[in-house]
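Structure record follows, encoded as structure tokens.
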Amino acid sequence: MARIVMDGLSKVYPGGVKAVTGIDLDIADGEMIVLVGPSGCGKSTLLRMVAGLETITEGTLSIGDRVVNTLEPAQRDIAMVFQNYALYPHMTVYGNLAYGLKNQGLPKDEIDRRVQEAAAMLQIAPFLDRKPRALSGGQRQRVAMGRALVREPSAFLFDEPLSNLDAKLRVQMRVEIRQLQRRLGTTSLYVTHDQLEALTLADRLVVLNGGMIEQVGTPMEVFNRPATVFVAGFIGSPAMNMLDADWLRARGGMPEGLPGGTTLVGVRPDDLRMEPVEGPSLTLTGQVALLEPAGAESHVYVALDDIAEPLTLRVPGLPTVLEGAAITLHAPLAALHPFDKASGRRLS
Amino acid sequence: MVENDRWGNLLAHLILILGVAVVVFPVYVAIIASTHEGGTFLRGVMPLLPGGHGWENYSTVISEGRSNAGTPPIGGMLWNSFVMAMMIAVGKIAISLLSAFAIVYFRFRFRLFFFWVIFLTLMLPVEVRIVPTFEVVASLGMLNTYAGLSIPLIASATATFLFRQFFMTVPEEMLEAARVDGAGPMKFFKDILVPLSVTNIAAMFVIMFIYGWNQYLWPLLITTDDSYYTIVMGIQRMVTGADSEPLWHLVMATVVMAALPPILVILFMQRLFVKGLTETEK
């Protein structure tokens, strides 16, 4: 149980590459923070800095009111779950769980108690004397979690722990991780590039890009009011449509009521309607370029004049339009996201 | 899989049987020859069926050797060969494991330089550096010692390379997981790296044991005391007896005895050995 405070954390690699720059983050005790971002955004580096596997170039990191900048991973009172699990292949499941505790010099009966407890919690008790090789992917994942659990650490660090599992198992483990974290109330830091995982797991979401924080907030805050163009495009699938304000004005589709200085207007594919809406609204006309039925919903790509990127529209069920047909789209003012193109920041 | 073709099968078997015959026949001749009496070979015709003097010949080489030609009983020579081969195999593995560990896991200055220095030793087997090596060993007073027999042969890079290649296939997360679990470098080495390398170690052990056992030139050079003779050089001494015809029956009995220990080592370690050459456990 601990609060984690990052104060101006930076990481510069010997070659001069800046992986992480000036991260300020205050993680409350028991909170589940998800770091999300595209490949190379520095999210894993940041996690590894917290773990002590990467040195900290600048700034201070404290876990539970103790500055841990120069401490070895084992002394930081954290536990980590690795992407490829990193189980010791020559040890049994029991050995894997007990190894860290043995190194701490805990008495045998205490080790046994903790291992049995974790095994019961994760339902891996029947496999305790098997080698990792004889386990399925999901079971290995549980063992990796168990290894973190037995340490009873003040913080869990997860480095894309579910990315090696198949889709079904991933959903199941996601739910289990969430339940487990809630039950134990242990501060957790979770890295993923999967935005669905990020949105469902997080108490608070940290969106990273280019080694810097783009936005921190609850999943709904981040989804409903993305702070930057990057966040708007990264969170939500299909991605938010971005329209140039000048282009809209020239075509008379720009609604009144958007903040002054708006140069970019974002609208989510779900917020576009084929029927007119009341009040001030965005109105666009185009041609249906492609239909993409995806089961419960369909994606409609609409080509607009002299804009290369088609607009995406999400409709429930099967689409009621045909490819090649002319289409008029509307979106209420409240569903529009005004941005400043130059800074990429949200206005209002 | 290749299709089952009768003639192809037959041809394949024929070639394989021929190959086996070429390899096995000399061994067969040696075993047969060791069961005849000395005079048989002077007639110029090699017998191909066992004779009746096997027991006698083997007990001669084991208990007497060929004392008048300066060859001791082979028991002592077998022991010397065994000690030398063990020291070379164990020494090489111990040093190689540690040096590969250093090269793969530690970032020290001139790491690459040292790696290439180790690599260079591959190009300098004992035979090439035999004169300076002899000088060094002689100056250190290691002639006629087990240390002199084995240490110059321990320094070589083959095993270091093998372990380096293997260590590089061990995922980095393994090290990181161990660090989070509170294992320092040597603990990681002892608890995780070495157990993971067991099959490789076994394969290396077999190869190095045989390499050590088969050393001929080096022991011949540095041993003058017959209590340090090794079996392979002993065979040679037996052939070149001072003033009599070569006693082929005794030589062959010695040869067969000399071939036994490596075979035993392979038999005992076969399972691990094959595993080490064909798969990595991960």
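The numbers here are math on the coordinates, done by the rules we state, and not lab data. Since the structure is predicted, the reported quantities are computational estimates derived from the model, not experimental observations. Counting neighbours? That spans all protein chains shown, and the Cβs are built from the backbone with ideal geometry, glycine included.
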> Using a simple charge model, +1 on the beta-carbon of Lys and Arg, -1 on the beta-carbon of Asp and Glu, nothing else, what dipole does the protein assembly as shown show about its Cα centre, in debye to the nearest 20?
Replying inline: 980
> Ranked by Cβ crowding within 10 angstrom, fewest neighbours first, how are B:ILE266, B:ILE17, A:ILE177 ordered?
Replying inline: B:ILE17, B:ILE266, A:ILE177
> For the range A:64-175, what's the relative contact order in percent, using C-alpha pairs closer than 8 Å and at least 6 residues apart?
Replying inline: 43
>> Tell me the relative contact order for chain A as a rounded percent, counting alpha carbon contacts under 8 Å between residues six or more apart.
In response: 16
>> Give me P(r) over the range A:183-329, computed from all C-alpha to C-alpha distances, binned every 5 Å, as integer percentages.
In response: 2, 8, 16, 18, 17, 14, 12, 7, 3, 2, 1, 0
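Could you tell me which of the pairs A:LYS11/B:LYS190; A:LYS18/A:LYS43; A:LYS43/A:LYS168; A:LYS131/B:LYS275; A:LYS11/A:LYS43; A:LYS18/A:LYS341 are separated by over 20 angstrom between their Cα atoms in the structure shown?
The answer is A:LYS11/B:LYS190; A:LYS43/A:LYS168; A:LYS18/A:LYS341.
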> Residues with amide H under 5 Å of A:ALA2's amide H, sequence separation 5 or more or different chain, H placed in the peptide plane at 1.01 Å from N; which?
Replying inline: A:GLY30, A:THR187
> Rule-of-thumb check for the range A:30-132: C-alpha Rg over 2.2 N^0.38 Å?
Replying inline: 1.27
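So how do B:PHE161, B:PHE205, A:PHE158 line up by other beta-carbon neighbours within 10 Å, fewest first?
B:PHE161, B:PHE205, A:PHE158
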> Distances over 20 Å make up what percent of all Cα-Cα pairs in the range B:18-102?
Replying inline: 60
> Tell me, Kirkwood radius of the protein assembly as shown from alpha-carbon pair distances, in Å?
Replying inline: 31.2
> Sorted by packing (mean other beta-carbon atoms within 10 Å per residue), highest first, where do A:234-241, B:20-27, A:164-171, B:125-132 land?
Replying inline: A:234-241, A:164-171, B:125-132, B:20-27
>> Over chain B, what is the relative contact order in percent, taking alpha-carbon pairs closer than 8 angstrom and at least six residues apart?
In response: 30
> Where q = 0.07, 0.13, 0.14 Å⁻¹, what log10 of I(q)/I(0) comes from the Debye formula for chain B, counting one point per Cα?
Replying inline: -0.38, -1.02, -1.09
> With springs only between Cα atoms under 10 Å, which of A:ALA325, A:ALA28, A:ALA155 fluctuates most in a Gaussian network model of chain A?
Replying inline: A:ALA325
> Across the Cα atoms of the range A:115-266, what radius of gyration and what greatest pairwise Cα-Cα distance (Dmax) are found, in Å?
Replying inline: 21.0, 71
> Quick one: putting +1 on the C-beta of Lys and Arg, -1 on the C-beta of Asp and Glu, what dipole do you get for the range B:94-230 around its Cα centre, in Debye to the nearest 20?
Replying inline: 400
>> Rounding to the nearest 10 and keeping the result within 0 to 90°, find how far the Cα-based axis of helix A:93-103 lies from the longest principal axis of chain A.
In response: 70
>> Rounded to two decimal places and with Rh computed the Kirkwood way over Cα pairs, what is Rg over Rh for chain A?
In response: 1.06
> Which lysines have a Cα less than 16 Å from the Cα of A:LYS108, not counting those fewer than 8 places away in the same chain?
Replying inline: none
> Which of the aspartates and glutamates could be linked to A:LYS102 by a straight reach, that is with a Cα gap under 13 Å, when you skip same-chain ones fewer than 8 residues away?
Replying inline: A:GLU110, A:ASP112, B:ASP181, B:ASP191
>> I need the P(r) histogram for the range B:164-281: all alpha carbon pairs, bin width 5 Å from 0 out to the longest distance, whole percents.
In response: 2, 10, 14, 13, 13, 10, 9, 9, 7, 6, 4, 2, 1, 1, 0
> Using the Karplus equation 6.51 cos²θ - 1.76 cosθ + 1.60 (θ = phi - 60°), what ³J(HN,Hα) coupling, rounded to whole Hz, does each residue of the range A:228-236 give in order, writing x for Gly and Pro?
Replying inline: 9, 4, 4, 4, 4, x, 8, 9, x
